[in-house]
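Taking it in order: structure first as structure tokens, then the write-up.
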Ligand SMILES: Cc1cc2nc3c(=O)[nH]c(=O)nc-3n(C[C@H](O)[C@H](O)[C@H](O)COP(=O)(O)OP(=O)(O)OC[C@H]3O[C@@H](n4cnc5c(N)ncnc54)[C@H](O)[C@@H]3O)c2cc1C
């Protein structure tokens with residue numbers, strides 16, 4: 001089977017959807033996704049999305065991002081993300097996304113390693129709120145066709161240029177999708193781990209394909225482990241207990257109910273402390289207590305976490321829950337420049353599958369939705385520029 005389009009996008013998470021929304025309307029776009037449209041990590045994001053609160057917050061936001069990333073971040077990318085954050089939030093609000101407000105003003109929450117509250121949220125289902133609204137908008141576009149249960153298996157490379165992708169359809173048929181431009185937005189690698197908060201079908205396919213074609217990759221060993229997922233003996237995706245729960249005052253205890261770490265330190269530091277404590281005590285988990293958060297805040301801000309824990313037999317308003325670290329996010333990926341261009345002509349990568357250097361060696365909480373959106377918009381603008389002959393196409 002063969003198909004021809006102007007632009008093909010692999011993935012229907014925030015990276016893929018926001019690229020589609022920002023591409024020219026007179027271009028035909030094909031989007032594919034390995035599972036159904038809603039099965040992306042973007043739908044799972046709980047805590048929120050960062051935004052620059054004002055010029056006075058710039059240096060502190062920049063420093064928090066760099067410090068969490070062990071100063072291995074690309075400064076230019078961090079600057080672009082922070083400076084573009086307000087515009088992207090405005091775009092989301094225009095798409096109908098609702099963030100928590102009080103008297104009409106945004107309410108900001110805080111997560112680990114942020115020196116001040118600068119995170120917008122929608123209960124504890126921020127990702128679902130953002131991604132479902134973007135999906136609604138994309139579905140309305142007459143120039144976009146979405147194919148579910150269609151998995152990219154390769155790219156079409158001719159003379160060092162990308163001409164589209166090869167995919168496998170639900171019926172098991174191979175399909176070549178020829179396109180002038182290709183955007184890889186296929187998310188992370190959690191499906192390769194036994195314990196991960198990610199969807200199991202996110203197995204880093206684009207990374208493997210890129211490797212095969214000699215496309216530049218970066219920091220493949222930079223994997224973030226989230227310190228607090230609900231401990232369970234069941235198999236499958238681990239349920240995340242968002243960092244904003246600790247931001248609102250939840251504390252960690254060892255088996256003797258003693259605190260052993262500052263809960264608001266960066267993720268890698270808290271994870272290490274938990275693992276050391278489990279090792280010392282010979283336990284499979286540590287305890288997380290929400291005793292210092294009032295019930296109203298728990299039910300209002302974290303209704304999803306409250307409900308899920310209740311289903312698992314824990315009432316977080318009354319008792320501690322067992323938590324354990326699990327794979328959560330991939331900072332490395334396909335190297336891209338600050339317009340999301342890969343090292344191969346006509347091939348772009350956005351979102352978790354790409355590495356634009358924003359996160360350095362460790363991602364600051366709630367920076368990834370923002371990073372995906374900002375650099376998806378830039379990919380769309382760069383492609384538009386190249387089509388109009390203004391950009392730096394590699395053949396020119
Ligand atoms: C539980 C959880 C909570 C999180 N909370 C937050 C948060 O509060 N704030 C924040 O900023 N970030 C959070 N994150 C991280 C954030 O959600 C992701 O980094 C971000 O959504 C990635 O978006 P994406 O578009 O790159 O990928 P995804 O949203 O994962 O989408 C990937 C898409 O690619 C498709 N795909 C994959 N492989 C193929 C293939 N071979 N062929 C075709 N399609 C394919 C998938 O089907 C999917 O549609 C959280 C992540 C998790 C897992």
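The values are calculated or read from the model by the stated rules, or taken from the named source; none is laboratory data. This is a predicted model, so every value here is computed, not measured. Backbone-built Cβ (ideal geometry, glycine too); neighbour counts: all protein chains shown.
A few remarks follow.
- Residue satisfying condition, being closer than 29 Å to residue 389 by Cβ, in contact (Cβ under 8 Å) with a residue 60 or more places away in the chain, out of contact with any helix residue (DSSP H, G or I) (no Cβ under 7 Å at 6 or more places or on another chain) and surrounded by 15 or more Cβ atoms within 10 Å (Cβ to Cβ), within set 183, 177, 155: 177
- Exactly one residue out of 183, 146 is part of a strand (DSSP E or B), modelled with pLDDT of 95 or more, within 12 Å of the ligand (Cβ to nearest atom) and outside the structural domain of residue 355 (by TED's automatic domain parsing): that is 183.
- Near pairs, Cβ below 6 angstrom, 6+ apart or cross-chain, from the stretch 116-129 (within 11 Å of the ligand (Cβ to nearest atom)) to any residue that is modelled with pLDDT under 95 and assigned to a strand (DSSP E or B): 119/109; 121/109
- If you check 50, 95 for being crowded, with 24+ Cβ neighbours inside 10 Å and either within 16 Å of the ligand (Cβ to nearest atom) or within 30 Å of residue 153 (Cα to Cα) (or both), only one passes: 50.
- Helices (runs of 4 or more DSSP H) completely within the stretch 196-290 that count 1 or more residues being without any contact (Cβ under 8 Å) to a residue 12 or more places away in the chain: 205-212, 267-281
- Where helices (runs of 4 or more DSSP H) sit wholly within the stretch 1-87, those with at least 3 residues that are closer than 14 Å to residue 367 by Cα occupy 58-68.
- Residue ID - nearest to the ligand (Cβ to nearest atom), chosen from residues in the stretch 130-143 that are farther than 23 Å from residue 82 by Cα and in a helix (DSSP H, G or I): 135
- Of all residues in the stretch 338-380, those satisfying the criterion of being more than 13 Å from the ligand (Cβ to nearest atom) and in a loop (DSSP other than H, G, I, E, B) are 338, 339, 342, 343, 344, 346, 357, 360, 361, 362.
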